[in-house]
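Asks: So that we are looking at the same thing, I have put the structure below in structure tokens.
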Amino acid sequence: NIDLLNKKWVTLPAVILGLCAVMTTVFMYINFIGSGARFLARNMGVIEKYPYHTVINADDQLALEFLGENSAENALFATNRIHADNIKKDGISNIYSAFSGRQSYMEGYAYALTNMGVPYYVVDQRKVINEKLFSADTTKEELQYLCENTGITHLVYTTQLAGDDSVMASVYEKIYDSETVKIYATGVIPKENHPLYQPELAQYGEGIKDE
């Protein structure tokens with residue numbers, strides 16, 4: 001009986017370890033097969049392909065490094081690259097700030113809402129203004145008005161994401177031009193402090209509401 005009991009105590013851990021090994025192997029196969037199936041489905045057009053045309057490239061890095069080297073430390077730029085791609089519209093891109101070392105008017109707003117506790121009306125106002133900056137429907141006068149009142153010193157336009165630079169091209173000097181990125185200097189004097197929300201621009205966005 002004692003020998004039988006000892007065998008059971010030896011056998012039980014072995015069985016448990018064996019089951020764990022089998023489950024791990026099955027999980028790995030499912031993961032690999034699943035990943036391969038997704039790539040195959042994308043290539044065959046069964047599911048939506050990854051938007052590779054919006055992926056950051058070396059041109060983006062060179063352009064924003066140029067901005068960092070040719071602007072004041074308190075410069076403020078706006079860009080139409082505020083999303084990782086044109087599909088999800090996730091508001092998580094902050095790569096241009098990282099490359100340039102300069103403050104962006106509107107980048108990574110999803111994190112500002114979830115991690116930093118920034119009120120929605122702040123993000124809403126800046127989203128509306130940012131869309132106006134890169135819209136072909138915005139007048140020259142409104143573009144200049146927005147840049148002057150927000151303190152935006154540079155406009156960084158990427159051809160990879162939604163937006164238009166035709167209006168700014170007719171107003172401001174283009175200081176950087178490549179296949180992917182165009183940078184325009186607005187001539188606006190940098191502000192010492194950039195308020196999160198501007199009541200004087202309350203017409204842009206839904207305005208302050210009770211939280």
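Asks: Please list 3J(HN,Hα) in residue order for region 120-132, calculated via the Karplus relation 6.51 cos²θ - 1.76 cosθ + 1.60 where θ = phi - 60°; whole Hz, with x for glycine and proline.
Replies: Coupling constants for region 120-132: 4, 5, 5, 5, 4, 4, 5, 4, 5, 5, 4, 5, 5 Hz.
Asks: Order the following by accessible area, largest value first: GLU142, GLU200. Probe radius 1.4 Å; ligands, DNA and RNA are ignored.
Replies: My answer, sorted largest first, is GLU200, GLU142.
Asks: When the accessible area of region 77-134 is computed with all protein chains present and a 1.4 Å probe, what percentage of it is carbon and sulfur?
Replies: 52 percent
Asks: If you put +1 on each Lys and Arg Cβ and -1 on each Asp and Glu Cβ, how big is the dipole of region 72-146 around its Cα centre, in Debye rounded to 20?
Replies: 100 debye
Asks: Using the basic label-point model (7 angstrom from Cα toward the beta carbon), what is the ASN193 to GLU142 distance in nanometres?
Replies: Result: 3.0 nm between the two label points.
Asks: Compute from the Cα atoms of region 81-211 the Rg and the Dmax, the latter being the longest Cα-Cα distance, and quote both in angstrom.
Replies: 14.4, 45
Asks: Count the net charge of all other residues whose Cβ sits under 12 Å from the Cβ of ALA78, scoring Lys and Arg as +1 and Asp and Glu as -1.
Replies: +2
Asks: To the nearest 10 square angstrom, how much accessible area does THR159 have with a 1.4 angstrom probe?
Replies: 70 Å²
Asks: Search the structure for amide H atoms under 5 Å from the amide H of THR79, placed 1.01 Å from N in the peptide plane, and list their residues when 5 or more places away or on another chain.
Replies: Residues meeting the criterion, in which the H sits 1.01 Å from N, are TYR105, MET106, VAL156.
Asks: Follow-up question, since we're still on this one. Run the numbers on region 124-199 and let me know its relative contact order in percent, using alpha-carbon pairs under 8 Å that are six or more apart.
Replies: 32 percent
Asks: Moving on. Run the quick spin-label model on ASN74 and ILE87: label points 7 Å from Cα toward the beta carbon, then report their separation in nm to one decimal.
Replies: Simple spin-label model gives 4.3 nm for this pair.
Asks: How much length is gained if the chain between GLU179 and LEU19 is pulled fully straight, taking 0.36 nm per residue apart and subtracting their Cα-Cα distance, in nm to one decimal?
Replies: 52.0 nm
Asks: Give me the count of lysine pairs in region 75-210 whose alpha carbons sit under 29 angstrom apart, restricted to pairs 8 or more positions apart or on different chains.
Replies: 27
Asks: With every protein chain left in place, what is the accessible area per residue of region 67-211 in square angstrom, probe 1.4 Å?
Replies: Computed with neighbouring chains in place, this is 49 Å² per residue.
Asks: What does the charge add up to near ARG102, with Lys and Arg as +1, Asp and Glu as -1, over the other residues with Cβ less than 13 Å from its Cβ?
Replies: -4
The values are calculated or read from the model by the stated rules, or taken from the named source; none is laboratory data. Keep in mind that this is a model prediction, so the values were computed, not measured. Don't worry about glycine lacking a Cβ; one is built from the backbone with ideal geometry, like all the others, and counts go over all protein chains shown. The area values use the complete protein model at the heavy-atom level, side chains included, leaving out ligands, DNA and RNA. Shrake-Rupley method; radii C 1.70, N 1.55, O 1.52, S 1.80 Å.
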